[in-house]
Each structure stands twice: as structure tokens, then as C-alpha cells.
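Participant: Here it is, the structure, as C-alpha cells.
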Amino acid sequence: MIKLHGVGPDNMHYSHNYFVIPIAYEDTKDLILNVHYARRMPSVSYAFGLYRGMDGLQGICTFGSPASPWLCKGVCGEEHKSKVLELNRVVLVNNRPNEASLLVARSIALLPKPKVLVSYADTAHDHVGYVYQATNWLYTGATKPRTDIATVNGKHPRHHAGDRTKRVYRSAKHRYVYIHGNKKDKRLLTKCLRYGTESYPKKEIIQ
């Protein structure tokens with residue numbers, strides 16, 4: 001087992017020979033920039049790494065502030081906007097069976113409470129969000145496809161190039177929400193949820 005300074009039972013989760021621990025922002029860069037399809041660093045407030053025995057880092061999961069302030073207000077209202085985080089990257093080296101759901105579930109368990117988590121599955125990449133379904137997130141429908149102002153060097157649309165006549169297509173995305181907290185928090189925040197919930201989508205119905 002790899003021994004890491006400052007890591008103990010309060011901030012580590014095991015499953016067989018896997019464990020998940022908090023990691024530094026710098027430790028996420030290689031997988032995010034070289035393996036994830038977006039090739040772009042998101043906002044990162046919390047980062048967690050998946051380790052497997054002595055094999056080293058097997059994957060990362062990151063959470064950060066959503067790019068849109070409207071999303072923060074729109075999920076559970078103005079009163080709870082500070083609790084909203086976006087799960088914005090899940091990247092695996094080998095993507096073995098159950099690794100994604102283990103990483104996501106254990107990473108959430110290490111977050112402070114209460115939090116309202118939001119994440120998206122991009123239909124342009126044939127993603128449905130099975131990892132969120134496996135970890136009991138609420139499905140709140142799909143965003144509508146749209147166009148954004150063209151960006152500079154592939155950055156997020158908020159860093160646009162200034163020419164509003166140049167547009168790029170933005171695909172529809174499945175939106176998932178997870179309420180992380182104690183029983184009281186979950187009851188309150190679920191009651192405040194402004195999105196309607198729907199049955200989980202399946203890949204075969206994606207157009």
C-alpha cells in the first residue's frame with residue numbers, strides 16, 4: 001500500500017485494493033489535459049485521486065464552481081447558491097469495470113456537507129451518464145443544443161474572442177443533480193430543487 005503523508009481514515013476510502021484520497025490541483029493536470037476529451041482545465045475547488053494498490057494514480061474526479069452564476073441560483077434558489085458545485089471532470093487511466101462509479105461515490109463522500117452537486121453528460125460524445133445513474137443522482141432532463149461565441153484556444157465560452165458573429169455549436173447535455181448532506185439537508189434541498197426529475201435516459205434512445 002502506498003503511504004501518503006497526512007492521509008488517514010478520515011480522508012481516505014477503501015474498496016478492496018482501491019482507495020480514494022484528496023489530491024492537489026497540479027496532480028490532476030496530466031489526466032485532464034492529455035486524456036479527457038475537452039483538453040481544458042476547469043475550475044477546481046476539490047480534487048480526488050483513485051489509487052489501486054501499488055499501481056499509482058488510476059483516475060481523478062474534480063469539483064468546482066459552475067461557470068454560470070445562473071445555474072447556482074437556478075438549482076435550489078438564491079438562498080442555497082453557495083452550496084452548488086459542479087462535478088466537472090472524471091478521468092480514468094484504464095476505465096476498468098466499476099472504477100468510475102467507485103471514484104465518484106467515494107469522492108462525494110469526502111466532500112464537506114451540505115452540497116448541491118450538478119454534472120452533465122455530453123450527447124455529442126455519446127455519453128448518457130451511466131456513472132451518475134449508478135451512484136443515484138437525480139436526472140433532471142437535457143439542456144437544449146445552442147451556439148456559443150467562438151473562444152480563444154479552446155477555452156471555456158466565458159473566455160470568448162469578442163466577435164459575436166463567430167459561433168460554435170454546443171451540444172445538448174444530460175443534467176444530473178445530487179444532494180450531499182445529512183437527512184435534514186437532503187429533505188430541505190430536495191424540497192428546494194427547482195428542476196423536475198425524470199426517468200434515466202438510455203443510450204439507445206439518444207439521437
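Here, each number is a calculation from the coordinates, and none is a lab measurement. As the structure is a computational prediction, the values presented were derived from the model and not from experiment. Virtual Cβ from ideal backbone geometry, glycine too; neighbours counted across all protein chains shown.
Participant: Efficiency by 1/(1 + (r/R0)^6): what FRET value for N94 and N136, r their Cβ-Cβ distance, R0 = 22 Å, to the nearest 0.05?
Facilitator: Here the calculated transfer efficiency is 0.35.
Participant: Sticking with this structure for a sec: Can you compute 3J(HN,Hα) from phi for each residue in segment 116-129, using the Karplus curve 6.51 cos²θ - 1.76 cosθ + 1.60 with θ = phi - 60°, rounded to whole Hz and x for Gly and Pro?
Facilitator: 10, 9, 10, 8, 10, 10, 7, 5, 5, 10, 6, 8, 10, x
Participant: If I model a spin label as a point 7 Å beyond the Cα along the Cα-Cβ vector, how far apart are those points for K113 and H125 in nm?
Facilitator: In this crude spin-label approximation the distance works out to 3.1 nm.
Participant: Antiparallel as a % of all DSSP beta bridges within segment 13-140, to the nearest 5?
Facilitator: Antiparallel bridges make up about 85 percent of those DSSP assigns within segment 13-140.
Participant: Same structure, new question: Points 7 angstrom from Cα along the Cβ direction at V35 and T143: gap in nanometres?
Facilitator: Inter-label distance under the simple model: 2.4 nm.
Participant: Counting Lys +1, Arg +1, Asp -1, Glu -1, what net charge surrounds G74 among other residues with beta carbon under 10 Å of its beta carbon?
Facilitator: That works out to +2.
Participant: Something else: Between L57 and S43, what length in nm is gained on full extension when 0.36 nm per residue of separation is reduced by their alpha carbon distance?
Facilitator: Extra length available between L57 and S43 comes to 3.0 nm.
Participant: Which links in K144/K186; K83/K144; K183/K203; K73/K173; K29/K83 stretch past 23 Å when you go from one Cα to the other?
Facilitator: K144/K186; K83/K144; K183/K203; K29/K83
Participant: In addition: What is the gain in length, in nm to one decimal, between A67 and K186 on full extension, counting 0.36 nm per residue of separation less the C-alpha to C-alpha distance?
Facilitator: Value of the extension gain: 40.4 nm.
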